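What follows is a set of notes on a single structure, which appears directly below.
Throughout, read-outs are computed from the coordinates displayed, never taken from laboratory work. The model shown is predicted, which means the values in this text are computed figures rather than measured ones. We place every Cβ from the backbone using ideal geometry, glycine too, and count neighbours over all the protein chains shown.
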Amino acid sequence: MRNVQVFKKRYLLLLLLPVFIWIAFKIIQFSPLEQTLLQKIPVTRQVSLYITEASAGATTDFSYRFYLYDASKDERAVMAALQHDNEPFMITSDRNAFQRAENGAIYLSTKGTLYRFTNAPACRVGDIIYTVPVYLTASPH
């Protein structure tokens with residue numbers, strides 16, 4: 001009777017499979033990027049510019065990310081959306097890149113590294129997509 005197997009290994013595998021799937025899902029969603037909101041600037045009545053300071057850990061420099069988002073939303077909703085589904089239209093190493101927002105346009109001037117830039121960013125407010133022109137002056141230092 002000692003050689004009789006009481007619990008089959010395949011049943012154990014079937015029991016542990018959901019645990020492995022959950023762990024893989026959490027690993028895929030893990031992002032060390034932390035963002036804090038620096039400024040909220042109204043551009044139009046519908047759209048605001050959000051500037052965040054992002055850090056990926058102690059060994060990386062800060063980057064500054066520029067987003068357009070619905071002006072009627074509160075800051076918690078905006079920060080949740082920025083971390084999950086919105087892409088910044090500009091990422092730079094220059095903290096003071098924002099100059100002004102007037103007449104429905106954004107004026108930026110950056111000195112330093114420009115990692116990403118889109119000159120006609122858009123955001124959805126309800127069922128309408130709004131675009132805002134962005135004017136950028138950039139220099140290496």
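Worth pointing out:
- A cut-off of 5 Å between modelled amide H atoms, ignoring neighbours fewer than 5 places along the same chain, links residue 38 with 51, 52, 53.
- Principal-axis tilt of helix 75-84 within the chain, Cα atoms, nearest 10 degrees: 60
- Between residue 115 and 91, 92, 93, the built amide H atoms are under 5 Å apart, and every one of these is 5 or more places off in sequence or on another chain.
- Kirkwood Rh in Å, taken over all unlike Cα pairs in the chain: 17.8
- Sites residue 33 and residue 129 - FRET efficiency at Förster radius 30 Å, r taken between beta-carbons, to 0.05: 0.70
- Note on residue 111: aspartates and glutamates with a C-alpha under 19 Å away, same-chain residues under 8 apart excluded, are 53, 61, 94.
- For 94, 74, order by how many other beta-carbon atoms lie within 10 Å, fewest first: 74, 94
- Integer Hz, Karplus 6.51/-1.76/1.60 couplings in order for segment 108-124, x for Gly and Pro: 10, 9, 10, 10, x, 8, 10, 7, 8, 7, 10, 7, 9, x, 9, 9, 9
- Dipole in debye (nearest 20) - the chain, about Cα centre, beta carbon charges: Lys, Arg +1; Asp, Glu -1: 820
- When the trypsin sites (Lys or Arg not before Pro) in segment 88-141 are filtered for DSSP coil states and for at most 14 other beta-carbon atoms within 10 Å of their beta-carbon, the remaining sites are 95.
- Mean residue ellipticity (222 nm) of the chain, computed from DSSP H runs ≥ 4 via -39,500 (n - 2.57), nearest 500: -7000 deg cm²/dmol
- Each label was represented as a point 7 Å from its Cα along the Cα-to-Cβ direction; for residue 58 and residue 24 these points are 3.3 nm apart.
- Sum of side-chain charges, residue 118 neighbourhood, beta-carbon under 14 Å (Lys, Arg +1; Asp, Glu -1): +1
- If the convex hull is drawn through the Cα atoms of segment 20-67, its volume per residue in Å³: 93
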